[in-house]
Amino acid sequence: MSLSAKQIDFLNRPFDWTLDVAEGTPRSGKTTACILRFYDFLNTSKDSNFLVVGASQQQAFRLVMDGDGNGLIHLFGRQANLKHDDHGDHLEALTCSGVKKIYYKGGAKADSDKTIRGLSLGGVYFCEIDILHMNMIQECFRRTYAAHIRWHLADLNPPAPMHPVITDVFNVQDTRWTHWTVDDNPIITPERKEELRRTLERNPYLYQRDWLGERCIPQGVIYSMFDPTKHILPRLPDDARPIEMYFAGDGGLTDATSVSCNLVCRTKKGMALYRVANWYYDGGNKAMSVQARELAGTFAPYCRNRWNMREDAWYIDPACKALRKELELYGIDALNADNNAHDIRGSTKGIKVGIEYTQNMIQDGCFFLVEDETYGHIDFLKEIGMYCVDEHGNPVDAYNHAMDELRYSINHFVKQYMY
C-alpha cells in the first residue's frame with residue numbers, strides 16, 4: 001500500500017491526545033490513514049473492548065470494518081473472526097497485546113447511546129462524527145473513563161462553522177486536529193486532481209469545502225439572511241410594547257423538543273415578533289411526561305414572571321400528540337400549531353409558504369432574538385446555520401426542530417397581524 005507523507009506522519013504519532021480528528025475533503029486519504037492508525041492502537045492498548053461507530057451499523061461496517069478491502073477485517077486477516085455476544089456484533093481479533101473485541105454500531109439516532117450502556121471501552125473510532133447524535137458521542141467518551149490509554153479517533157468532511165460537534169466536542173476534549181486535502185491522497189493522479197479542481201471551481205461552496213477542505217456555510221441555507229449582529233438583541237427595545245405572549249413548540253418521543261416563548265410587540269416601525277426564550281432538549285432519555293413537567297412547572301412560570309404577562313396560547317406541532325396530552329395534565333390546553341399543511345401562495349405550497357413567511361420577516365426586520373441568560377438561543381443558532389435545502393430545493397429533514405417551531409410562531413404572527 002502506497003502512503004503519502006501526511007498519512008505516514010499521522011500513523012507515526014503517539015496516542016497522547018484524548019481525541020485525534022482527521023478533517024478534510026472527500027477522497028483525501030484520511031479514512032485509510034485512520035483505519036491504519038486504529039489498527040495500530042488496537043495492537044498497542046491493553047484493553048479488551050473497542051468501538052467503531054457510524055451513522056448506522058451498516059455504515060460502520062462498510063467504511064471501517066471492510067473499508068473496500070483495506071478495513072480492519074482484512075488487516076487482521078486470519079487472526080480475526082466476526083462474532084456476536086450480549087453487547088452485539090463485533091470482530092474478535094488476536095493482536096500483539098491480546099484478544100480484542102471491536103464492536104461496530106450505529107450512532108445517528110437519539111437513543112443510539114443505549115446500545116453501549118454498561119460496556120467499558122478502551123477506545124472509539126467515530127466515523128463521520130458530524131452526523132452522529134450528540135448523545136452517542138458523549139456516551140462514548142464516558143465509556144472510556146477507565147481505559148488504559150484513553151484515546152479516540154474521528155474523521156469527517158468539513159462541517160458548517162456553527163456545527164455543534166465543533167463547540168461541544170472538539171473545543172471541549174483534548175483535541176489534536178489534522179487537516180486533509182486531495183493532495184494528501186497518493187492514489188489520485190495529477191491529471192485527476194486537475195480535473196477535480198476545474199469541476200469544483202464552478203461552484204464556490206464545493207470548491208471551498210471539497211477542494212480546499214474548509215468549513216463553510218452549507219449550500220442552500222434557508223435563512224441565510226439571518227444576521228446575528230442585527231437580529232440578536234441584548235434586551236427588548238425601549239419602544240417595543242408587548243401586546244401578546246405565546247409559546248410554540250415542536251417535539252417527539254426520540255427527537256429533540258424545542259419550545260419558544262414569543263412576544264408580539266408594537267414598535268415605532270410597526271409590529272414585530274421577539275423570540276425571548278427557548279427551552280430545548282435534544283431527545284433520547286427524558287420522557288415526554290418529564291419534559292411537560294419542566295415546561296409547565298419551570299419554563300412557563302419563568303417567562304410569565306420575567307415579562308409580567310400570561311400567554312394567550314400554546315401552539316404545538318400537530319404530530320406531537322404526546323406532548324399536548326402531557327401538558328393537559330398541568331392545565332395547559334395546547335392547540336395544534338399551523339404547520340402550513342393547507343397553505344398555497346401562488347406556486348408555493350405547504351411548508352415552503354411558512355419558510356417564505358419567515359424569510360420575509362427576517363429580511364424586513366420584523367423578527368429578533370432577545371438574549372436570556374437562563375433560556376438562551378444557542379440551539380436555535382446552531383440549527384439556523386445548518387438548516388438547508390437539497391439539490392431539488394426541498395428542505396432537508398435535519399436540524400429543524402427549533403426551525404419548525406420558529407415557523408409555527410411566525411405563522412401565527414403573520415396570519416394574525418400581517419395578513
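Answer yes or no as to whether Met134 is modelled with pLDDT under 95 and closer than 30 Å to Phe15 by Cβ.
Considered against the rule, which asks whether it is modelled with pLDDT under 95 and closer than 30 Å to Phe15 by Cβ, Met134 comes out as yes.
Which members of segment 194-250 meet the condition of being acidic (Asp, Glu), part of a loop (DSSP other than H, G, I, E, B) and in contact with a strand residue (DSSP E or B) (Cβ under 6 Å, 6 or more places away or on another chain)?
Asp239 - this is the single residue of segment 194-250 that is acidic (Asp, Glu), part of a loop (DSSP other than H, G, I, E, B) and in contact with a strand residue (DSSP E or B) (Cβ under 6 Å, 6 or more places away or on another chain).
With the checklist (1) at pLDDT 95 or above; (2) surrounded by fewer than 17 Cβ atoms within 10 Å (Cβ to Cβ) in hand, flag the one item Gly118 doesn't pass.
(1)
Output the residue which, of all residues in segment 320-359 that are in a helix (DSSP H, G or I), free of Cβ contacts under 8 Å to residues at least 40 places away in the same chain and touching a helix residue (DSSP H, G or I) at 6+ places or on another chain (Cβ under 8 Å), is surrounded by the most Cβ atoms within 10 Å (Cβ to Cβ).
It comes out as Leu327.
Looking at (1) free of Cβ contacts under 8 Å to residues at least 24 places away in the same chain; (2) among the β-branched types (Val, Ile, Thr); (3) surrounded by fewer than 13 Cβ atoms within 10 Å (Cβ to Cβ), find the lone condition where Ile187 falls short.
The number of the failed condition is (1).
If you check Phe15, Phe50, Phe10, which single one turns out to be assigned by TED's automatic domain parsing to the domain that holds His84, assigned to a helix (DSSP H, G or I) and not charged (D, E, K, R)?
Phe10
Does segment 277-295 contain any residue that is under 23 Å from Phe413 (Cβ atoms) and either assigned to a helix (DSSP H, G or I) or assigned by TED's automatic domain parsing to the domain that holds Met134 (or both)? Talk me through it step by step, then tell me what you get.
Within segment 277-295, the first condition is being under 23 Å from Phe413 (Cβ atoms), and the residues that meet it are 277-280, 295.
Retained after the next criterion (residues that are either assigned to a helix (DSSP H, G or I) or assigned by TED's automatic domain parsing to the domain that holds Met134 (or both)): 295.
Yes, because at least one residue in segment 277-295 is under 23 Å from Phe413 (Cβ atoms) and either assigned to a helix (DSSP H, G or I) or assigned by TED's automatic domain parsing to the domain that holds Met134 (or both).
Would you please list the contacts, defined by Cβ atoms under 9 Å and residues six or more apart or on different chains, that run from a residue in segment 163-179 that is among the aliphatic types (A, V, I, L, M) to a residue that is in a loop (DSSP other than H, G, I, E, B) and surrounded by 17 or more Cβ atoms within 10 Å (Cβ to Cβ)?
Pairs found: Val165/Leu132; Val165/Pro159; Ile166/Pro159; Ile166/Ala160.
The values are calculated or read from the model by the stated rules, or taken from the named source; none is laboratory data. Keep in mind that what you see is a predicted model, and the values were worked out from it rather than measured. Here Cβ is always computed from backbone atoms with ideal geometry, including for glycine, and neighbour counts include all displayed protein chains.
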